[in-house]
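Written out below as structure tokens is the structure these notes cover.
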Amino acid sequence: MKAAIIAAPIANRSRPADGHCLIACAATKSLWRELALYPKPGLVSLRDSGAHADMDAATFVRSLFALSRYWSEVADAGAAGAPFETLRRLGVRAESRMLIATGGINTHRGAIFALGLLCAAAARTRARAEIADDATLRRVLIARWGAALLVATQRSAVPVSHGMQAYCRYGVGGARDEARRAFPAVFDVALPALRGALARGCDARHARVSAFFALLASLDDTNLLYRGGAEGLAFVRGRAREFQEAGDVHANDPLARAEAIHREFVARRLSPGGSADLFAATLFVHEIQQTIR
């Protein structure tokens, strides 16, 4: 993918470098880094389309451009302490722009929801002059939007999305439940894996692979349930745990081993889209904690 293609959404130079702009840029960077990572079993990357026949990296880049305004909007709303319904409406509009840009293909619906909430929480934290550490971000999210998220989780809904269909069939929590609990997969699973790998001297690529496999090994991914059923989810979690037990990214040839698992997922048409969304959320939290004071 040409570097010029992604320059504009990653570095929006037309806006002042205030806190909300930095939060918005961090969101776009996290989605770009999620796309760029390879190997990332089953998912679209700059190398190939993974288990998907209907989208490729260019589809995701169009989506990134379409969503670039949303992150600032939801950060502004979050800083003001806007109610969840306001955040939801902003997300619905962003999703509409995404679908127009991609020709109706869902590239980032889950990320709009998860990253949108985390952008709002980060901006709210900054507006309160607090440090955006893990505990504070989670506390702010629950205090301001937790009650509404609980209602949204309990409310019966028409299962229009793949994730909701899997939720209705298998009874797993899905994205709303993950958000209601302030993203335990991000803060308790993926971020510790990312930080642990970096602390052991891994470069960014290897650390991100480790974080992604940590999600694969633990998450009840509704996208996997929709595409592969309980058997597909069990296969993915099993292969991820085998990767971890064999030394994760600290053993010999970790990228080659991860690439072999990628080919297995592609052959079975297994795409862990829920893990991709939470992986991007993980990268976002790590980015803002490193760059925004």
* Kindly indicate whether ASP76 is out of contact with any Cys (no Cβ under 6 Å at 6 or more places or on another chain) and under 29 Å from LEU216 (Cβ atoms). => no
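Among the listed residues ALA166, ALA175, ALA179, identify the single one that is closer than 25 Å to LEU283 by Cβ and modelled with pLDDT under 60. It would help to see each step written out before you state the result.
Working: ALA175 fails: modelled with pLDDT under 60; ALA179 fails: modelled with pLDDT under 60.
So the residue among ALA166, ALA175, ALA179 that is closer than 25 Å to LEU283 by Cβ and modelled with pLDDT under 60 is ALA166.
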* Mind listing just one residue for me: the one in the stretch 180-190 that is among the hydrophobic types (A, V, I, L, M, F, W, C) and over 12 Å from the mean Cα position of the chain (by Cα) and, of those, farthest from GLY146 (Cα to Cα)? => VAL189
* Structure fact -> Per the filter on the stretch 218-235, residues surrounded by fewer than 22 Cβ atoms within 10 Å (Cβ to Cβ) and closer than 17 Å to ALA281 by Cβ are SER218, ASP220
* Asked: Which residues, counting only those in the stretch 15-35, are farther than 14 Å from THR282 by Cα and either under 13 Å from the mean Cα position of the chain (by Cα) or touching a residue at least 60 places away in the same chain (Cβ under 8 Å) (or both)?
  -> GLY19, HIS20, LEU22, ALA24
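Out of GLU85, GLU73, report the one residue that is buried (at least 16 other Cβ atoms within 10 Å of the Cβ), more than 25 Å from LEU191 (Cα to Cα), touching a residue at least 12 places away in the same chain (Cβ under 8 Å) and of a type in the set (Asp, Glu).
Working: GLU85 fails: buried (at least 16 other Cβ atoms within 10 Å of the Cβ).
The unique qualifying residue is GLU73.
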* Asked: What is the one condition in (1) under 17 Å from HIS286 (Cβ atoms); (2) modelled with pLDDT under 95 that LEU191 does not satisfy?
  -> (2)
* Does any residue of the stretch 90-111 turn out to be closer than 22 Å to HIS20 by Cβ, of a type in the set (Val, Ile, Thr), surrounded by fewer than 16 Cβ atoms within 10 Å (Cβ to Cβ) and at pLDDT 95 or above? -> yes
* Return the pairs, sorted by first residue and then second, in which the second residue is basic (Lys, Arg), the first residue lies in the stretch 264-293 and is at positive phi, the beta carbons are less than 7 Å apart, and the residues are 6+ apart or on different chains. => ARG269/ARG227
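Yes/no per residue for (1) over 18 Å from the mean Cα position of the chain (by Cα); (2) within 27 Å of GLY116 (Cβ to Cβ); (3) free of Cβ contacts under 8 Å to residues at least 24 places away in the same chain:
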| residue | (1), (2), (3) |
| --- | --- |
| SER210 | no, yes, no |
| SER218 | no, yes, no |
| THR222 | no, yes, no |
| GLY228 | yes, no, no |
| GLY238 | yes, no, yes |
| ARG241 | yes, no, no |
| GLN244 | yes, no, no |
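I need a count of the residues in the stretch 43-101 that are part of a loop (DSSP other than H, G, I, E, B) and of a type in the set (Gly, Ala, Ser).
Total satisfying the criteria: 8.
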* Would you check which residues across the stretch 114-136 are in contact (Cβ under 8 Å) with a residue 60 or more places away in the chain and closer than 11 Å to GLY78 by Cβ and list them? => LEU117, LEU118, CYS119, ALA122, ALA123, ARG126
* Give the stretch 39-59 a look and list any residue that's touching a helix residue (DSSP H, G or I) at 6+ places or on another chain (Cβ under 9 Å) and more than 27 Å from VAL249 (Cα to Cα), or say none. => MET55, ALA58, THR59
* Evaluation of ALA122 against (1) part of a helix (DSSP H, G or I); (2) within 24 Å of PRO272 (Cβ to Cβ); (3) among the aliphatic types (A, V, I, L, M) (one fails), failing number -> (2)
* Residues of the stretch 91-122 being over 19 Å from ALA147 (Cα atoms) and among the aliphatic types (A, V, I, L, M), which ones? -> VAL92, ALA94, MET98, LEU99, ILE100, ALA101, ILE105, ALA111, ILE112
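Has the stretch 53-76 got at least one residue that is within 24 Å of ALA143 (Cβ to Cβ), small (Gly, Ala, Ser) and modelled with pLDDT of 95 or more?
yes
The values are calculated or read from the model by the stated rules, or taken from the named source; none is laboratory data. In this text the structure is predicted, and so the values were computed from the model without any measurement. Neighbour counts run over all protein chains shown; Cβ positions are idealised from the backbone, glycine included.
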